[in-house]
Amino acid sequence: MKQQNTQSISLRSLFRRFWAKITFTWLLVIGDAALLLLFPLFIGYAIDDLLESSYRGLLALAGIGLLSLFVGAGRRFYDTRIYSKIYSTVSPELVEKEQLRDSSVSVISARTNLVNEFVEFFENYFPAIIHSFISFGGALIIIFFLNLNVFFACLIATFLIVVLYALTSKKTYTLNSGFNTELENQVKVLEEKDRNSILTHFRDLMKWNIRLSDLETANFSISWFILLGVLIYSIIAVIDSGISSHGQILAILMYVFNYIESVIALPLFYQQIVRLQEISHRLDSEG
């Protein structure tokens, strides 16, 4: 008889089990992100060279673009096949585990859908996280060398946003717990075929969803207000610095905008990680 796989399901356990395949996809993602990070710099070079009637910078930019296309397309081609295989391997194991626990069909159905969130995180969210981290770190490093005042403004903004999301992480976990608990009851409610129960269930489900969305909206709004201040300050600081190169001015502002995009994205990924922590705890608990 085949031995049942009883290890817990979490981001860490899935990585340990499929580390070779997942690591290869991450290497492709890192390569893709590193190439994208170079675009503002090469756009600046291309502008300066064209102003001097040279196409050297433009040709270099085209070369970076083609290489980015090759790496990005290869990563996406490989990702879909690898993570589909992981999901088709883990989901039946979870079903068997829950059946041995005598979990209800409602719980089993909901939890197989929750497992898909782990696989989706590796396939879609984690590449975006790597892109954002490389964009964030790379932009800060380049800004440091191009304009020190703008660099310190970015650091202050980052600190404020980190504090904001740290203060709301417990609330995020609690709201996700409520949402997932209601979701696990869905099949049971539908089987009862009671119209009032069905209406109540979906209303409650959307109430949790709205509360999560409201928290995310509040955090996003505060973060964007802080980053908008950084953007306005950066424009003033760059112009006042006396830089004469049009390409360098554009490159600095593009890197500031890259920084802003990554800072806006990273907290949303953090919220998803908090959600997956709650799901992992739920999957390890009795049905």
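The values are calculated or read from the model by the stated rules, or taken from the named source; none is laboratory data. What you see is a predicted model; the values in this text were computed from it and never measured. Virtual Cβ from ideal backbone geometry, glycine too; neighbours counted across all protein chains shown. These accessible areas exclude ligands, DNA and RNA; they are computed on the full protein's heavy atoms, side chains included. Shrake-Rupley method; radii C 1.70, N 1.55, O 1.52, S 1.80 Å.
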Does the stretch 242-259 hold any residues that are under 21 Å from the mean Cα position of the chain (by Cα) and over 15 Å from Tyr45 (Cβ atoms), and which are they? Val256, Phe257, Asn258, Tyr259
Just one of Leu212, Leu183, Leu175, Leu228 is out of contact with any Phe, Trp or Tyr (no Cβ under 9 Å at 6 or more places or on another chain), aliphatic (A, V, I, L, M), open to solvent by less than 90 Å² (accessible area, probe 1.4 Å) and at negative phi; which is it? Leu228
Of all residues being open to solvent by less than 40 Å² (accessible area, probe 1.4 Å), touching a residue at least 24 places away in the same chain (Cβ under 8 Å) and polar (S, T, N, Q) in the stretch 72-129, which is nearest to Val189 (Cα to Cα)? Just the residue, please. Ser106
Counting only residues that are surrounded by 13 or more Cβ atoms within 10 Å (Cβ to Cβ) and closer than 22 Å to Ser177 by Cβ, the stretch 215-225 contains a total of 4
Residue within the stretch 198-212 that is touching a Ser or Thr at 6+ places or on another chain (Cβ under 9 Å) and farther than 30 Å from Leu146 by Cα present: yes
Output the residues belonging to the stretch 258-285 that are among the aromatic types (Phe, Trp, Tyr) and modelled with pLDDT of 85 or more. Tyr259
